[in-house]
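Worksheet for the structure shown next.
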Amino acid sequence: MKENSFTLTDPIGVNIHVYEWLPESDVPVRGIVQISHGMCETAVRYARFAEALTGVGYAVYVNDHRGHGKTAGQVDLLGDVGEDGFYWMRRNLLQVAAKALSKHEGKPIFLFAHSMGSFLAQKLMCEEGNEIYAGFILSGTNGPRGMLRLGESLASAQLKLKGEHHRSVLLNSLVFGSYNRAFSPVRTAYDWLSSDDAEVDKYISDPFCGAICTTRFFRGFFHLLREIHTEESLRTLCTSKPIYIFGGDKDPVGMSGQGIPRLAELYKKRGISDVEYRLYPGGRHEMLNEVNRDQVTADVLNWLEQHLPSEVTTTS
């Protein structure tokens, strides 16, 4: 795998750090996979997944979202995505996609999106610009749920009381506080991520992972979660592209296996004919970092193979 990185400056002047992972010179590029990473993590955590993708001919592009990784630039700037940050994160995804397509003209591009990144993707699927994608893969995600308006109201109240840059332990607890309950007795605060202790320890030891986000972040995040399944958003849902949704049936983000089937059914009812989902028994939040990650990766590669346009399905 060949590794490069570059920055793109977005329309309001933020420099977005992008990783580019390419197949070796003897492996033709058959398609592009763009990755939208999750909350409080970094793009570089997807390097192992990129190894598998590039090995079968995919060029991989993943940017550190605003307030994350090298786009944030330093630890004390993590977790603040700026004003209208969740809107701009979606625009950044389209900007990176356009750059990738310019480098690999005529190749199909798929958006792989995990956790927070998957909620950005769900909104993007209802917005102008999504037609550039050949399909969507959602990991560690969820469908409609309640209490989001309350969360947004609480975040707004905290913002007014403490300021938009305040790092809210209260809101962090509201989002993550119950996630470990199903795994008691727990070894760490992040056991819900994976049953592979080594992977959990890697996350904990990374200074760019696990930041407590600002009130401005949480207000925007709750608003995004509330917005993506409204009638107003869903009436413009892209229904012509295939979707693959997967997760662990013990993932608290996906309501322990309940959320993903509901989301798949919602999309089918809204007119998407090619919707597939898979739940992995015992799997937690980060299936790409679970003990059965090789099988999970193989399943993603198989889905991609099935959805490549016929003229690019051969490696010769």
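Each label point was placed 7 Å from the Cα along the Cα-to-Cβ direction; for Arg149 and Glu164 their separation is 2.5 nm. Taking 16 Å as the straight-line reach from the Cα of Lys70, the aspartates and glutamates in range (excluding those fewer than 8 positions away in the same chain) are Glu3, Asp10, Glu20, Glu41, Asp80, Asp206. Coordinate range of the alpha-carbon atoms in the stretch 1-147 per principal axis, descending: 49, 34, 27 Å.
Summing Lys and Arg as +1 and Asp and Glu as -1 over all other residues whose Cβ lies under 11 Å from the Cβ of Phe119 gives a net charge of +2. According to the Kirkwood expression over distinct Cα-Cα pairs, how big is the hydrodynamic radius of the stretch 112-265, in Å? So the Kirkwood estimate lands at 16.8 Å. Taking a ≥ b ≥ c as the square roots of the eigenvalues of the alpha-carbon gyration tensor, the stretch 197-305 is classed oblate because a/c is 1.5 or more while a/b is no larger than b/c.
Normalised by the number of residues in the stretch 74-178, the mean separation of alpha-carbon contacts (under 8 Å, six or more apart) gives a relative contact order of 22 percent. Close amide H partners of Gly31, meaning residues 5 or more places away or on another chain with modelled amide H under 5 Å apart, are Ala59. For Tyr280, the residues whose modelled amide H falls within less than 5 Å of its own, excluding neighbours fewer than 5 places apart on the same chain, are Gly247, Gly248, Asp249. The spacing between the stretch 93-115 and the stretch 39-74, judged by their C-alpha centroids, is 13 Å. When only Cα pairs below 8 angstrom with a gap of at least 6 residues are kept, the chain shows a relative contact order of 19 percent.
No lab work stands behind these numbers, since they all come straight from the coordinates. Since we're looking at a predicted model, the values are computed, not measured. Neighbour counts run over all protein chains shown; Cβ positions are idealised from the backbone, glycine included.
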